[in-house]
Amino acid sequence: MKTALALMAIAGIAGVSNAQLINEFSSNPDGADPAMVDFEFLGDAGTMFEGYLTFIDSDPGSATGFINNSYFISGTFDANGILNVSLADYENPTFTVVLSSMSAGGAGDSVDADQDGTIDNIASFGTVYDSINILDIDTDLDYADDFGGTSFAFTGAEPERLFRELTTGEWIAVNDVFNEAGGIYGADGTEYFSADFASDPLLYTYGDVNQAFIPAPGAIALLGMGGLVAGRRRRN
């Protein structure tokens, strides 16, 4: 029941009818880059999905606005509304990642020919379901704004793992999955701690539901109203 309600809430946040969303991924895995990387999507349980996942280089310089990787994604969302796929190693931050219905090109193609930090032709992506921008320094470009997506504040390091918190759909970045001192942050730079979650947020949950905030004292779960009231313990 909670999973279904969370899907409804997240679909409302994203503004897409079928809730096709990016749900969890490793933006910069610890150590040597693996040959294959898990990537998780969220959607309507039991439905088929086909689309494209595109990584756009947003480091200022000669590669700005070029597609680094583009993948065709297909599969069926499981009973929890999760689709987990394995992708060949993709570019580490900085990048903007876009989930869309159409391919805007392949590796090496430019989507910002004049390198002004604005996508030349949004329509070439078809329907944009979700987009996230990750920085490794605070002066990098941000194409997520063009797609109406989520832009992460730079918090001093490249995040190793990103996931949507289960009950609210809020994006959470973990800068160091082996050490909480590395930082756990919301997209706006708000700092969190392991004690703010019902289970360990440093652990990967590919193919399973993501970690959830611990409700604040007195919070009421509106289980019959199509949503949840989940408390957040923010520490600044």
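The values are calculated or read from the model by the stated rules, or taken from the named source; none is laboratory data. Keep in mind that what you see is a predicted model, and the values were worked out from it rather than measured. Positions of Cβ are backbone-derived with ideal geometry, glycine not excepted, and every protein chain shown enters the neighbour counts.
Does the range 1-46 hold any residues that are among the β-branched types (Val, Ile, Thr), crowded, with 22+ Cβ neighbours inside 10 Å and modelled with pLDDT of 85 or more, and which are they?
Once the filter is applied, which keeps residues that are among the β-branched types (Val, Ile, Thr), crowded, with 22+ Cβ neighbours inside 10 Å and modelled with pLDDT of 85 or more, the range 1-46 yields only Ile22.
Each row is one residue, and each column tells you yes or no for (1) surrounded by fewer than 20 Cβ atoms within 10 Å (Cβ to Cβ); (2) touching a residue at least 40 places away in the same chain (Cβ under 8 Å); (3) within 26 Å of Asp176 (Cβ to Cβ); (4) out of contact with any Ser or Thr (no Cβ under 7 Å at 6 or more places or on another chain).
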position: Met48; (1), (2), (3), (4): yes, no, no, no
position: Asp112; (1), (2), (3), (4): no, yes, no, no
position: Ala123; (1), (2), (3), (4): yes, no, no, yes
position: Ala144; (1), (2), (3), (4): no, yes, yes, no
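For the range 151-176, which positions are over 26 Å from Gln20 (Cα atoms) and either in contact (Cβ under 8 Å) with a residue 60 or more places away in the chain or among the acidic types (Asp, Glu) (or both)?
Asp176
For Thr118, are the conditions met, namely being in contact (Cβ under 8 Å) with a residue 12 or more places away in the chain and in contact with a Ser or Thr (Cβ under 7 Å, 6 or more places away or on another chain)?
When the stated conditions are applied, Thr118 does not pass them.
Taking the conditions exactly as written (surrounded by 13 or more Cβ atoms within 10 Å (Cβ to Cβ) and modelled with pLDDT under 95), does Leu228 satisfy them or not?
Here the answer is yes, as Leu228 does meet what is asked.
Conditions tested, residue by residue: (1) surrounded by fewer than 16 Cβ atoms within 10 Å (Cβ to Cβ); (2) in contact with a helix residue (DSSP H, G or I) (Cβ under 9 Å, 6 or more places away or on another chain).
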{"site": "Asp138", "(1), (2)": "yes, no"}
{"site": "Thr150", "(1), (2)": "no, yes"}
{"site": "Val174", "(1), (2)": "no, yes"}
{"site": "Ala187", "(1), (2)": "no, no"}
{"site": "Tyr192", "(1), (2)": "no, no"}
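If only one of Thr76, Thr118 is farther than 24 Å from Asn28 by Cβ, over 18 Å from the mean Cα position of the chain (by Cα), modelled with pLDDT of 95 or more and of a type in the set (Ser, Thr, Tyr), which one is it?
Answer to the check: Thr76.
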